[in-house]
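First up is the structure itself, then whatever we jot down about it.
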Amino acid sequence: MNGSAHSAPSDVEFTLKRGPAGLGFNIVGGVDQQYMMNDSGIYVAKIKENGAAALDGRLQEGDKILAINGRKLDNLSHGAAVELFRSAGEDVHLCIQQRPVLQNGPTSSRADGESSSALGTWTLFAVVTLAVVTASFISYKRFHPRGPRGPF
């Protein structure tokens, strides 16, 4: 498949063991602080380096948290969701909806281990950088048609 495509989000359930510094992630969202337009859900904002969630590897930034220990997070304020996490205990059962993954280019894996999505990101970066450098050069030539002047 070529071009950009979104894979369908999937629901995943797992148990995350609280570490010494908590669960190891920050959340955003809620009915009082919508993160996504017309969606008051709770989302993973940041995975803390070396925290419980990072070491576990299943939770990713952008994932939507649907339930904690069987308690759905529908129509909760941000503060109420935070309190649910704080009081969830040592082993926290999560039901999440994984964020859709944007795929750019062929979906097959590459032999060198680099994903086609990463390659697409680097290609876009190179094109944008080239455009900025070209625009800067044209602008410079417009205002300095004979080149730099100095005491010759």
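The values are calculated or read from the model by the stated rules, or taken from the named source; none is laboratory data. Owing to the predicted nature of the structure, the values given are computational and were not obtained by experimental measurement. Positions of Cβ are backbone-derived with ideal geometry, glycine not excepted, and every protein chain shown enters the neighbour counts.
Figures for the structure shown
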{"quantity": "Residues (touching a His at 6+ places or on another chain (Cβ under 9 Å), closer than 13 Å to Ile27 by Cβ and loosely packed, with under 14 Cβ neighbours inside 10 Å) located in the stretch 68-89", "calculated": "none"}
{"quantity": "All positions within the stretch 90-111 that are within 22 Å of Asp11 (Cβ to Cβ), at pLDDT 60 or above and not aliphatic (A, V, I, L, M)", "calculated": "Asp91, His93, Cys95, Gln97, Gln98, Arg99, Pro100"}
{"quantity": "Matching option when the condition is touching a residue at least 40 places away in the same chain (Cβ under 8 Å), in a strand (DSSP E or B) and either surrounded by 14 or more Cβ atoms within 10 Å (Cβ to Cβ) or out of contact with any Ser or Thr (no Cβ under 6 Å at 6 or more places or on another chain) (or both), among Ile65, Ile96", "calculated": "Ile96"}
{"quantity": "Which listed residue, of Glu61, Glu114, is at pLDDT 60 or above and not basic (Lys, Arg)", "calculated": "Glu61"}
